[in-house]
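K.L.:
Shown below is the structure under consideration.
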Amino acid sequence: MIEIKGTVLLVFIPHRDCKKGVTLFKRSLFSSGFFGAFSFPIASPLAVLSRPLAKDELKRVAAQLRECTRADGRNAGKTGKITAGTWDAVTLGGLCFGGQLLAFPVERLFQAETAFPAGVVVERCAVPLLAEAVMRGDEPMGEGKKPHPARFSFTAGYAANLTLRPLRDDGYSFEWRIGEPAWLPKIPRGKTSRGPTAS
């Protein structure tokens, strides 16, 4: 595999079963004037890294992400499910991404002392978002023009390094390379997610 030089991101990528529906939504975005709809893969950018994570490091991240899916009270009774919901925008690595917010508390990932080696995380995303378009200031995000994607849920996905390199100065043209996946561990049978406890 030919490596490319550019910004290294940690991304979370849902199982390919989600791809068809998200691709159809990206097409509708593009036809509505979101010209960065195909500038980034179907992935959730979580952090900018100083270097790619090694395989064993990615496995630790994947294990911690699985714990995040099981720790969210909003998903109580739906063990390990991640819900893609309303449209929003986040900024990471100098880029603005538009997409669906993912309902699981990834802040736990960055609080875990063993998840990352010291100094590897340069910048982290404020909230997890399934990127469906790279945004610019001239995107059609005025009142009444906010996209309304269909919500969906999934349980399987993987963590990976992603290298992103701009090809032109138009703000939409990028080359990317996704590294080897580290799949989230399977959910143990008979386990239930931890919801809020009654007082």
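The values are calculated or read from the model by the stated rules, or taken from the named source; none is laboratory data. Computed from a predicted model, the values in this text were never measured in an experiment. Note: ideal-geometry Cβ built from the backbone for every residue, glycine included; neighbour counts use all protein chains shown.
K.L.:
Would you point out which residue out of L101, L29, L53, L46 is at pLDDT 95 or above and more than 21 Å from G179 (Cβ to Cβ)?
P.N.:
L101
K.L.:
Determine, yes or no, whether T91 is closer than 17 Å to K26 by Cβ and of a type in the set (V, I, T).
P.N.:
Judged against the criteria, T91 is not a match.
K.L.:
Of these, G119, G137, which one is over 19 Å from C68 (Cα atoms), at pLDDT below 90 and either of a type in the set (G, A, S) or within 13 Å of the chain's Cα centre (by Cα) (or both)?
P.N.:
G137
K.L.:
For the stretch 38-52, give me each residue that is over 14 Å from the mean Cα position of the chain (by Cα) and more than 21 Å from D170 (Cα to Cα).
P.N.:
Scanning the stretch 38-52 gives L49, S50, R51, P52.
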